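Notes to accompany the following structure.
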Amino acid sequence: MKKWIGALTLISVMLTGMLTGCGGNNESVEMANGIGGTLTVVTGRTDAEELFAKIEADFIARYPEVTDIIWESSTDYDNYITTRMNTTDYGDVLMVPFSMSGSPDMYPNYFEPLGKVEELSEAYIDVTEADYEGIAYGLPTAINSLGIIYNTEVFEAAGITSMPTSVEELLEACQKIKENTDAIPFFTNYNTGLGVWGGTLTSFGGDQYKSAILEKGTAFEEGQPIREVMDLFYELASNGYTEQDPVTMDFAQGKQMLAEGKIAMMMKGSQDAKAIAELAGNSEAIKIAPLPVMFEGKTSIAFGAPEVMGINVNSDNKETARAFLDFFISAASGYADDLGGMSPAKADFTPEEKELFENNNIVLTAGSETPETEALYSSIANEVGVARLTDVLQQVVNMGLYPDQYESYADYVSQLETKWAQAVNEYAK
């Protein structure tokens, strides 16, 4: 790897105006079929220098006209990259910030179209993570299962003999852990992880839950996906099943404590289960189970993308950028395996992976809705303030933990229902 620029260095360089980005940073690429020159790749990984060096070497071995790959990173990726996207200087290839999912109409302003969803679906799994009006602007770097990561030793000590398969059973397990162990039953990941619960909404309501919500005219009646997640978090917090001071506890602490048996469970992806098992030094101590959600009589296996990769619409080297994106998300790069997942490319599936998708009730965390439905739902959700599930769930956790300092949960739900009805009327005009 030729260059590695950390987030602090990048910010310093940006403030002094010395970084010219993908436009000025790249060599002029004038090749007939031009895959070559320099690429800038921006990611949220600050822990993968060795892996990125190998990916770079393997990519240049395939395309010898590529002279350099500049890797840039930030641990606070979403905030970092969205700020940087106020300019045209945000690399050639980059991870699409998940915060943009609430405003999909913005994708064409920042990202190069990668192809029609219908056509890409023939070759890849989960191509609607970053799409707008039938066009995909990002593809998954990996496909990971989403579920409950748990410490088997804590479960055994609590007397839990089987993994919960419903929300009710999950809460019962939390009570047993609270009564029989010193472990925190459930880690909310309040600061950085609540947004991941947006990926569970298809598990609660199916891959067209947005259509169902719009048809019903509300998103907050009991049994609806957002309300189900809100109710779960209120029960967790109000019954003392979560960390007591979630604001001061970060994800790194949560992972370490789960590895040590000081936390019993958290909801995350299989890539995190792999990392926590490594921290525990015992792969048998840390497992991941399907989300304990019953939909149409079945507990489904949820799959989603931990990251989505796209191409800067302003890049001067788009052909090379696309070749790199295709290689990066393939099994050959090794990146998906490093994340504890599998490549989204169907051609790369092992026989076991093919069987998994063919024989199980698979739910993708990104739903399949029409562009019109996505646009209307996003407009209403933004108006109500629930496009970012993080904001809602943080409020619910606060209400459960500190009832004397906040309005009642019932009043909060009622307010959201009123706001949703008003927004529906507004956008129906």
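No value in this document is a laboratory result; all are computed from the given coordinates. Nothing here was measured: the structure is a model prediction, and the numbers come from that model. Positions of Cβ are backbone-derived with ideal geometry, glycine not excepted, and every protein chain shown enters the neighbour counts.
For the reader, a short list of remarks on this structure follows.
- Counting only residues at least eight positions apart within a chain, or on another chain, the lysines with an alpha carbon under 16 Å from that of Lys54 are Lys2, Lys3.
- Region 332-359 and region 202-241 have Cα centres separated by 30 Å.
- Cross-link partners of Lys419 among aspartates and glutamates, defined as those whose alpha carbon lies under 16 angstrom from its own and excluding same-chain residues fewer than eight positions apart: Glu221, Glu383, Asp391, Asp411.
- Relative contact order of the chain, taken over Cα pairs closer than 8 Å and 6 or more residues apart, is 23 percent.
- Summed residue charge, Cβ within 14 Å of Gln175's Cβ, Lys/Arg positive, Asp/Glu negative: -3
- When the listed pairs Lys210/Lys318; Lys274/Lys298; Lys176/Lys298; Lys216/Lys287; Lys216/Lys298; Lys262/Lys354 are checked against a 28 Å cut-off, the alpha-carbon distance exceeds it for Lys210/Lys318; Lys216/Lys287; Lys262/Lys354.
- Gyration tensor (alpha-carbon) shape descriptor, the chain, a/c threshold 1.5: prolate
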